[in-house]
Amino acid sequence: MAEVFGSNDIGQQDQAHVCNLKLTEGELGISWHHCSLTSDFIGDFFVASLKASGHDANEARHGISYMVNELLENSVKFRAPSDISVRAALGDGTFLVTVNNLIRPETAERFKALLTELLARDPGELLIERIEQNAADPNSSSSGLGLLTLMNDYGAQLSWAFEDAGDKGLVRLETQAALPL
C-alpha cells in the first residue's frame with residue numbers, strides 16, 4: 001500500500017493528449033542535460049494543441065517545461081540507479097505529469113519529512129523563508145524551493161506516493177503534478 005502525500009485526486013481528469021517517455025539508466029547514465037531536453041520536448045509537444053484552443057502558448061509552454069524540468073531534476077538528483085518514466089497528459093484545461101523512479105529508503109524518509117513540512121505551511125511564506133535560508137547557505141540542496149515555486153507561483157497541485165519496490169530493497173516514488181492552464 002502506497003503512502004501518499006499531497007493531493008489525492010490529481011490524475012482524475014480526462015486526458016485528450018498523452019506522451020509517455022522513459023529515460024533509461026545505461027552506460028552514459030541519466031544526467032541533468034536530459035532533464036532540460038526532456039522538459040523542452042514535452043513543452044513543445046503540447047504547445048501545438050494549446051494554440052488551437054486559444055491558450056497563451058508561450059506562457060503554457062514555459063509552465064509545462066518548468067514543471068517537468070523541476071520534477072525530473074529531483075528524480076535525477078535523488079534516485080537510486082534506475083530508469084525514470086514520465087507520463088505527460090493534457091486535457092480539461094490542465095496539464096498533468098507523472099514521474100516514476102526508485103529511491104533508497106533513507107532518501108524516502110528524508111523526503112517524507114520535507115514534504116510533511118512543505119505541506120503543513122503556507123507555500124508563499126515558506127518560499128520566502130527558504131529563499132532567505134538559501135541566500136545564507138548557498139550549499140543547501142534540499143530546501144524544496146522548486147516544489148514551493150510550483151505550488152506558489154504556478155498554482156500546481158502536487159502528490160507523492162511512496163511504495164516498497166519489492167526485492168530490490170528500494171522505494172518506488174511516483175510524483176504527480178497538475179498545472180492549470
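What nm value, rounded to one decimal, do you get for the distance between Asn139 and Asn58 when each label is placed 7 Å out toward the C-beta?
Roughly 4.1 nm, to one decimal.
Quick one: order Tyr66, Tyr154 by neighbouring beta-carbon count within 10 Å, fewest to most.
Lowest to highest Cβ neighbour count: Tyr154, Tyr66.
What is the sum of charges, Lys and Arg at +1 and Asp and Glu at -1, for the other residues whose Cβ falls under 12 Å from the Cβ of Leu127?
Working: positive: Arg121, Arg130; negative: Asp122, Glu125, Glu129, Glu132, Asp153.
Here the count lands on -3.
Listing Cys19, Cys35 from the residue with the fewest other Cβ atoms within 10 Å to the one with the most, what is the order?
Fewest-to-most ranking of Cys19, Cys35: Cys19, Cys35.
For the residues Trp32, Trp160, what sequence is obtained by ranking on other C-beta atoms within 10 Å, fewest first?
Numbers: Trp32 12, Trp160 22.
Fewest to most other Cβ atoms nearby, the residues stand as Trp32, Trp160.
How large is the Rg to Rh ratio of the stretch 3-180 when both quantities use alpha carbon positions and Rh follows Kirkwood?
0.96
If you take the beta carbon distance between Val4 and Ile128 as r and set R0 to 22 Å, what does 1/(1 + (r/R0)^6) give as a FRET efficiency, to the nearest 0.05?
So the FRET efficiency works out to roughly 0.20.
Computed from the coordinates by the stated procedures, all read-outs in this text should not be read as laboratory data. Values in this document were obtained by computation on a predicted structure and should not be read as measured data. A quick note on method: Cβ atoms are made from the backbone with ideal geometry, for glycine too, and the neighbour counts reach across all protein chains shown.
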